[in-house]
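Reviewing the structure listed below.
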Amino acid sequence: MSVVEALKRRAGLLAAGFLSFLAVLALMRWSGGEPLLQPSADLGLVIGFIFVAAFFVMNDTHGRRGGRAR
């Protein structure tokens, strides 16, 4: 499986997870009286999303160790 195929396969899960995380974060920031956009902290969100996507791609392209490849 290629990287593009792996991302297409997981696109729905990645989008749902990222959007739900953003909604909860915005609610927490709003209820705490903090600004909704915090550039230094929000950059970490993007980096974290990239790491999660890379993890999914690695699992899908290389298969699991000791298990059968998908």
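The table for this structure:
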item	result
Residue-averaged 222 nm ellipticity for the chain, from DSSP H runs of 4+ at -39500 (n - 2.57), nearest 500	-27000 deg cm²/dmol
Label assignment, mean projected area of the Cα convex hull in nm² derived from the structure, set (1) 6.0; (2) 8.6; (3) 5.6	(3)
Integer Hz, Karplus 6.51/-1.76/1.60 couplings in order for the stretch 10-25, x for Gly and Pro	9, 4, x, 5, 4, 5, 5, x, 5, 5, 5, 5, 4, 5, 5, 5
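None of the figures in this text is laboratory data; all of them are computed from the coordinates on show. Being a predicted model, the structure only gives us computed values, none of them experimental.
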